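To start, the structure itself, in structure tokens.
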Protein chains: 2
Amino acid sequence: MRPRPRVVIVGGGFGGLSVAKGLAGQPFEVVLIDRNNHHLFQPLLYQVATAGLSPADIASPIRNILREQRNTKVMLAEVTGVDTVNCEVVAAGLRVSYDYLVLATGARHAYFGRDDWATFAPGLKSVDDATYLRRRILLAFESAEIEPNAEERRRLLTFVVVGGGPTGVEMAGAIAELAKRALAADFRSIDPRCARIILIEAAPRILTPFTEPLSEAARRALEQLGVEVRLGAAVDDCSCEDVRIGTEVIPTRTIIWAAGVMASPAGRWLGADTDRAGRVRVRPDLTAPGHPDIFVIGDTAVSTDVEGRPLAGVAPVAKQQGQYVAKALIARCNGRSIQPFRYRDFGSLATIGRKRAVAQMGGLHLSGLPAWLLWSAAHIYFLIGFRNRFTVVLNWMWSYITFQRGSRLITGLHVRPLDDVARTSRMELISKES
Amino acid sequence: MRPRPRVVIVGGGFGGLSVAKGLAGQPFEVVLIDRNNHHLFQPLLYQVATAGLSPADIASPIRNILREQRNTKVMLAEVTGVDTVNCEVVAAGLRVSYDYLVLATGARHAYFGRDDWATFAPGLKSVDDATYLRRRILLAFESAEIEPNAEERRRLLTFVVVGGGPTGVEMAGAIAELAKRALAADFRSIDPRCARIILIEAAPRILTPFTEPLSEAARRALEQLGVEVRLGAAVDDCSCEDVRIGTEVIPTRTIIWAAGVMASPAGRWLGADTDRAGRVRVRPDLTAPGHPDIFVIGDTAVSTDVEGRPLAGVAPVAKQQGQYVAKALIARCNGRSIQPFRYRDFGSLATIGRKRAVAQMGGLHLSGLPAWLLWSAAHIYFLIGFRNRFTVVLNWMWSYITFQRGSRLITGLHVRPLDDVARTSRMELISKES
């Protein structure tokens with residue numbers, strides 16, 4: 001028996017990190033495991049994908065964030081399963097035993113059973129996704145510049161974003177600004193301002209979590225930026241050269257997928273009951289049914305508000321759930337119990353390029369510049385690390401004044417694959433915990 | 001016949017870019033071709049490899065640098081050969097004809113006939129090299145943190161830098177500072193301050209372009225940082241688990257190659273006479289022998305100073321050669337000829353971590369803090385782009401005060417290889433120039 005119970009947290013996103021922070025100085029031994037070394041501020045990931053920010057501006061090493069927290073250990077390893085009988089987490093050759101387990105492993109994009117589309121329509125969840133999309137988008141302009149065939153040039157300069165949620169809207173707006181402003185004067189054979197940016201949404205309006213007038217304001221703002229918004233349009237097929245909507249064919253070389261997510265396989269590890277998106281249906285105290293010592297939070301879980309509606313997969317939900325789990329663990333060790341989790345909704349924000357956004361906070365509905373200022377303030381405030389806040393503010397001021405984008409790098413073009421040496425030294429050497 | 005002669009420049013490094021800039025507003029049609037979309041400030045690349053700076057801080061899109069220059073077109077393409085008979089440059093399915101050609105394609109690291117070492121001892125020439133090394137270095141600490149075997153832990157925490165030139169010295173110093181300061185408090189099982197950093201140099205002293213007292217000052221500064229400097233030591237073998245020097249075996253998982261370079265294959269494209277490092281032996285006016293309309297500059301060429309000594313492969317040589325070629329072209333079009341190229345040596349600088357450097361400028365020899373201030377000022381001054389200068393200064397101030405490093409990201413761990421779609425859309429579509 002350990003002198004202090006061990007809490008193993010899988011995932012260093014908004015959920016996992018807030019559990020760890022909530023246990024600072026408490027009589028627990030905390031182990032946070034993540035497959036990446038960094039916590040990522042996902043709400044700004046689209047700015048990395050569109051060359052506005054560098055990856056390091058919105059990511060911080062998890063062990064650096066938690067460096068002052070002496071009861072917490074951070075491990076870089078990919079978890080592949082949970083042994084609920086022996087209370088162990090399995091990560092590439094390694095077994096880490098737990099008294100309490102928190103699964104906060106997030107979600108990936110999903111293609112509604114059409115996984116073959118993943119090649120043609122990459123999504124945006126990780127730093128590598130973002131630099132990959134940045135490479136694809138910038139390469140499309142570069143290829144168009146040296147392309148003699150007018151039809152192919154047109155195809156290269158057509159960008160299709162699938163999904164009218166916040167990520168899709170932000171991506172479409174940012175690509176439009178990239179094409180119409182930042183790149184405008186840099187090419188000789190093509191005019192980047194002629195690029196076509198198309199946002200496809202199957203529902204009758206974009207940004208469905210917002211009210212209809214705000215959805216409408218967002219749509220108008222996108223159209224002012226030159227984005228074609230296609231509502232009630234479902235994608236029937238994707239390929240390396242076009243998108244099909246019913247009988248209509250849109251020739252394009254760049255499709256960006258922002259239409260659906262699928263939870264990480266944590267539900268399968270537990271053999272738990274999940275919804276169609278693979279999310280574990282948790283109990284009101286966020287534990288997995290039948291596993292009172294295993295909590296599932298964030299995008300990996302589906303929990304409901306007081307009216308029984310499922311909560312959205314957004315950062316504030318994951319954060320509040322993480323804070324709740326930390327409190328629940330502390331209470332349990334003191335022999336107390338606490339009330340079921342209850343989400344406090346402070347509202348929703350989405351941006352559509354510089355100076356335009358929509359905000360909905362209780363009775364307060366904003367659009368245009370006031371919403372954008374609120375959006376900026378909130379995102380700066382919630383970014384982790386003073387240095388990141390500072391550099392992001394500077395970057396935004398810079399691009400606000402000059403219309404330039406500071407991170408227009410195409411990397412990974414001539415890269416060797418992560419070679420066996422690096423992989424071996426990390427994977428094989430991870431043997432049984434001593 | 002073109003109304004204005006076309007100058008094709010291959011390579012957007014220091015040499016190629018200064019030719020292009022020297023031809024601004026001149027009666028030439030300028031085409032600059034590079035396999036990357038960015039100009040890279042190589043002297044600071046070691047800071048990307050050691051997590052101090054982000055790639056975008058030291059790289060700028062070439063077409064953005066040259067955007068105001070209306071006579072200049074930038075192409076992203078990989079050149080694979082030169083057809084000197086038809087005066088055409090061949091780049092993946094594309095042929096670009098020239099009246100004058102400038103080859104400024106740089107160099108890669110070389111392994112003295114032991115190319116199999118490349119896997120174990122990666123070098124540092126591109127952004128992708130730098131993020132790869134950063135990943136390797138940071139992963140070594142991460143792997144050591146979860147490694148139960150003490151011997152293997154020691155191996156993971158041993159870093160060997162091969163080559164005591166400026167890059168090797170800078171890398172060794174920066175890794176030492178990373179281990180002993182930035183990472184010091186972030187781990188629980190290991191103490192990063194115990195990391196061994198070994199610099200191996202075959203010559204009897206490091207930084208041979210400097211005077212002996214400055215070499216000695218640099219060695220002492222490295223040792224103060226905790227670097228073991230091994231002089232007169234030649235590497236006999238590298239593997240994924242050790243470096244061999246004679247009969248001595250140094251167990252290590254991270255070897256960094258900074259020992260030798262080999263010119264790009266431009267010499268082969270011309271069938272020209274090259275030295276052992278593949279550099280074209282150019283004429284005093286920097287043209288390739290037998291090709292009066294083809295200039296070869298920078299690391300791709302070997303030219304000599306007035307005393308017949310070969311010039312070093314450093315940025316100022318490439319820059320001055322580029323400026324010279326631009327002047328020579330303008331003179332030629334006006335029916336004039338100009339004097340042979342002559343390098344003006346303003347001195348040499350190398351840094352050894354924060355606050356320490358060596359500088360040698362004519363009779364002025366500096367070490368310690370004064371040299372470091374000079375080094376910082378020079379590097380900021382020569383960085384391209386106001387924004388980059390600004391962010392680099394801020395980053396340096398930040399890490400100077402806090403000892404933190406802002407870019408400790410491990411990326412590319414779960415990355416898909418550059419997929420066929422992206423590759424196809426760039427490569428196959430590049431067809432014959434219209």
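The values are calculated or read from the model by the stated rules, or taken from the named source; none is laboratory data. Values in this document were obtained by computation on a predicted structure and should not be read as measured data. Cβ placement follows ideal geometry from the backbone for every residue including glycine, while neighbour counts extend to all protein chains displayed. All accessible areas refer to the heavy atoms of the entire protein, side chains included, with ligands and DNA or RNA removed. Shrake-Rupley method; radii C 1.70, N 1.55, O 1.52, S 1.80 Å.
Each copy carries a label point for residue B:397 at 7 Å from Cα along the beta-carbon vector; from one copy to the others these points are 1.0 nm apart, nearest first. For chain A, the share of DSSP beta bridges that are antiparallel, to the nearest 5, is 50%.
Taking trypsin sites (Lys or Arg not before Pro) across the range A:200-281, the ones in a DSSP loop with at most 15 further Cβ atoms lying within 10 angstrom of their Cβ are A:276. Remark: label point of residue B:113 defined 7 Å out from Cα along the Cα-Cβ vector; separations to the same position in other copies 6.3 nm, ascending.
Please label the shape of the protein assembly as shown as rounded, prolate or oblate, based on the square roots a ≥ b ≥ c of the eigenvalues of the alpha-carbon gyration tensor (a/c under 1.5 means rounded; beyond that, a/b larger than b/c means prolate, else oblate). Since a/c reaches 1.5 but b/c is at least a/b, the shape of the protein assembly as shown is classed as oblate. The residue B:231 and residue A:390 beta-carbon pair, evaluated with R₀ = 51 Å, returns a calculated FRET efficiency of approximately 0.75. Taking only the alpha carbons of chain A, we obtain Rg and Dmax values of 22.4, 74 Å in that order.
Heavy-atom accessible surface of residue A:254, to the nearest 10 Å², is about 0 Å², with a 1.4 Å probe and all protein chains retained. Where both bridge residues fall in the range B:1-143, DSSP classifies roughly 45% of the beta bridges as antiparallel. Please label the shape of the range B:346-387 as rounded, prolate or oblate, based on the square roots a ≥ b ≥ c of the eigenvalues of the alpha-carbon gyration tensor (a/c under 1.5 means rounded; beyond that, a/b larger than b/c means prolate, else oblate). Oblate is the answer for the range B:346-387, as a/c is 1.5 or above yet b/c matches or exceeds a/b. Per-residue ellipticity at 222 nm computed for chain A from its helices equals -9500 deg cm²/dmol, with DSSP H segments shorter than 4 residues left out and the rest contributing -39,500 (n - 2.57).
The separation of the range A:1-47 from the range B:222-236, counted between C-alpha centres, amounts to 39 Å. Taking 0.36 nm per residue of separation and subtracting the Cα-Cα distance, full extension of the segment from residue B:83 to residue B:220 would add 44.2 nm. Summing charges over all other residues whose Cβ lies under 14 Å from the Cβ of residue A:323, with Lys and Arg as +1 and Asp and Glu as -1, gives +4. Label points for residue B:232 are taken 7 Å from Cα along Cα→Cβ. From this copy to the others they lie 8.6 nm apart, shortest first.
Between A and B, roughly 7200 Å² of accessible area is buried in total, ligands, DNA and RNA not counted and the probe set to 1.4 Å. For the options A:90, A:306, A:227, a Gaussian network treatment of chain A with springs between C-alpha atoms closer than 10 Å singles out A:306 as fluctuating the most. Taking the Cα atoms only, what angle lies between the long axis of helix A:386-402 and the longest principal axis of chain A, rounded to 10 degrees? Relative to chain A, helix A:386-402 is tipped by roughly 10 degrees. Of all DSSP beta bridges in the protein assembly as shown, what percent run antiparallel (nearest 5)? Beta bridges within the protein assembly as shown, antiparallel portion: roughly 50 percent.
When chain A is turned onto chain B, its residue with the beta carbon nearest the axis, and that distance in whole angstrom, is A:54, 2.
In percent, rounded to a whole number, the relative contact order of the range B:170-247 is 29, using alpha-carbon pairs under 8 Å and six or more apart. The eigenvalues of the Cα gyration tensor, multiplied by 5 and square-rooted, give the range B:69-138 an equivalent ellipsoid with semi-axes of 33, 17, 10 Å from largest to smallest. Close amide H partners of residue A:102, meaning residues 5 or more places away or on another chain with modelled amide H under 5 Å apart, are A:8, A:9, A:10, A:295. Which of rounded, prolate or oblate describes the range A:210-287 when judged by the alpha-carbon gyration tensor and an a/c cut-off of 1.5? It comes out oblate by the Cα gyration axes. Over 19 Å between Cα atoms: which of A:125/A:355; A:21/A:319; B:125/B:327; A:180/A:355; A:21/A:73; A:21/B:180 fall into that group? Distance filter (> 19 Å) returns A:125/A:355; B:125/B:327; A:21/B:180.
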